[in-house]
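The values are calculated or read from the model by the stated rules, or taken from the named source; none is laboratory data. Just so it is clear, the model here is predicted, and its values are computed rather than measured. Don't worry about glycine lacking a Cβ; one is built from the backbone with ideal geometry, like all the others, and counts go over all protein chains shown. The accessibility values were calculated without ligands, DNA or RNA, using every heavy atom of the protein model including side chains. Shrake-Rupley method; radii C 1.70, N 1.55, O 1.52, S 1.80 Å.
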Amino acid sequence: MKKYIYIFIAVMTFGACESELELTSPSQLTAAGFWDTEEGAKTAHTGLYANLRSSAGTLWLLGEIRSDIWGGRTYESPSNESLIESNITIATAPFGGWAGLYTRIHRINDFLVNVPNVAFNDESEKSHLLGQAYGLRALYYYTLLKTWGDVPIILEPFTDVDPAGLSRARSSQTEVMAQIKSDLAASLSAFGSDDSYWEGSKVFWSKAATLALKGDVFIWSGNLLGGGSADFTEAKTALQQIASLGVSLEPSIDNLWGVGNEGNNEFIFAYQYKQDEAENFYNSLTGRSTEINPQFDSMGNSMSSFIIAGANRYGQSEKTILLLDDNDDARKEATFIRLYTDDNGGAGYPTYSEPTYFGSIFNKFLGQVNGSERIFENDVPLYRYADVVLLLAEAKNLLGEDPSGEINQIRARAYGANYVPAIHDYVNSTPTDNANAILDERYKEFIGEGKRWWDLRRAGDSFVINNVSFLSSGDEYKLLLPITEDMIGRNPLLDQTFGYTN
């Protein structure tokens, strides 16, 4: 993969130099002859994943930071407080320029226009690459729709710098959703019966990833855009296919996290990180040794030898702490290392003690220690099979079916040997109670994985308002973000997001 990354960088650099030298000529985003060979196409394919990985931090913020997970105590200056508190206006609109996602879409559009004309030694490989690209474009447009609602639809690569050609109006959510569904169908058509993972790795998009995304998309469409039972049934059918595609729940939470566990059976698609190539962004959820080393963990162990050189910009909310304060649930210790200012006489703090609580270290993606340095090189899942199980529970509940089997699958894995059906089993109830049970299970399962805000949004506006303390009835317009004034200045065809005024 590294070989293709280096070629991709060289090509992009060459194209950028040409563009700067010939300011009046069409923008040359690829070097002459780049699309003439299979190697060129595969280089561009690798570039799509370098682009996606570069946006991973943004996608995490968009999908999680406005939820109820964060906003608690930090031991350094916190980040993104205005997002956590939904303190958002036109003047402070975050993620200007559509968070850079149209740059990613342009590269995919370029790929989809050119790759069909490239001769491959094995045409099935070309089909697989096209299936991946359509899936990634659906992912980007789905993110745009969830974040801003109405957004421009652009399906062709930009070939010149004429401002008139760059201006596009916002298409309706219904039109954007139709495009997302079209890309999902094109992705599945390109994959056909090929259930394989490119190069045998889950760090590339696959048929399983497209089906997971399809389930997610069709639940959103069915619940929020009027698709109803037809969409819920489509979601259920897609999600039920995934179990036969080489993924399953790992039997233990311990099998999921840590660099040595990246090849687990549960991951469906993950961002790849490697030392000397790219590190993930989770060091911002840890801290510096100067703050951490004097503290004690919840079991009363000294943190004096803990190797770290990160930052502590995000703290779990007290709601999150209390939700996870169950020593029988393996997700408690797997998700956070709680820090206390003393060891409680050697007994530690088996349950939360606010007076001596210092803060937390996010534990899922701590990388590994190399000598005196910690390298944040965990692969980070975008979809894993636990996600599929609980999405299936959502689809079933929305269809009026019993989702308790799926909920209990996740609970049984989390509690392991501590699982007592009479205590821990969820029993089918009303649709609203079921929805809240699914949301609570997803909350505990996916902390830090960029899911919670989208989960609340997909469930419906009332679930967001009822769970996020910074939002109240009447704030529903804030569920979508405004666009910046300079975006409208550059593109006069754009209208401001509904509800935002000066």
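Structural remarks
- Exactly one residue out of Val151, Val176, Val115 is of a type in the set (Val, Ile, Thr), crowded, with 17+ Cβ neighbours inside 10 Å and under 16 Å from Ala41 (Cβ atoms), and it is Val115.
- Here is the figure for segment 422-448: residues that are farther than 15 Å from Leu391 by Cα, touching a helix residue (DSSP H, G or I) at 6+ places or on another chain (Cβ under 8 Å) and not aromatic (Phe, Trp, Tyr) total 7.
- Test result for Leu480, touching a residue at least 40 places away in the same chain (Cβ under 8 Å) and under 17 Å from Ser82 (Cβ atoms): yes
For every residue, the table says whether it meets (1) surrounded by fewer than 20 Cβ atoms within 10 Å (Cβ to Cβ); (2) under 23 Å from the mean Cα position of the chain (by Cα); (3) under 24 Å from Gly97 (Cα atoms).
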| site | (1), (2), (3) |
| --- | --- |
| Pro157 | yes, no, yes |
| Ala190 | no, no, no |
| Ser196 | yes, yes, no |
| Glu199 | yes, yes, no |
| Phe204 | no, yes, no |
| Asn223 | no, yes, no |
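- Given (1) touching a strand residue (DSSP E or B) at 6+ places or on another chain (Cβ under 8 Å); (2) surrounded by fewer than 21 Cβ atoms within 10 Å (Cβ to Cβ); (3) among the charged types (D, E, K, R), index of the condition Glu250 fails: (1)
- Residue within segment 457-469 that is in a helix (DSSP H, G or I), open to solvent by less than 30 Å² (accessible area, probe 1.4 Å), modelled with pLDDT of 95 or more and of a type in the set (Ser, Thr, Tyr) present: no
- Checking the stated criteria, Arg452 turns out to be of a type outside the set (Val, Ile, Thr), over 21 Å from Phe498 (Cβ atoms) and buried (at least 19 other Cβ atoms within 10 Å of the Cβ).
- Any chance Asn378 is surrounded by fewer than 20 Cβ atoms within 10 Å (Cβ to Cβ) and polar (S, T, N, Q): no
Results for (1) assigned to a helix (DSSP H, G or I); (2) polar (S, T, N, Q); (3) modelled with pLDDT under 95, shown as yes or no for each residue.
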position	(1), (2), (3)
Asn378	no, yes, no
Pro381	no, no, no
Arg413	yes, no, no
Gly416	yes, no, no
Ala422	yes, no, no
Ser429	no, yes, no
Ile438	yes, no, no
Asp455	yes, no, no
Gly474	no, no, no
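- Unmet requirement for His128, which otherwise passes all of (1) open to solvent by less than 60 Å² (accessible area, probe 1.4 Å); (2) closer than 30 Å to Trp70 by Cα; (3) in a helix (DSSP H, G or I): (2)
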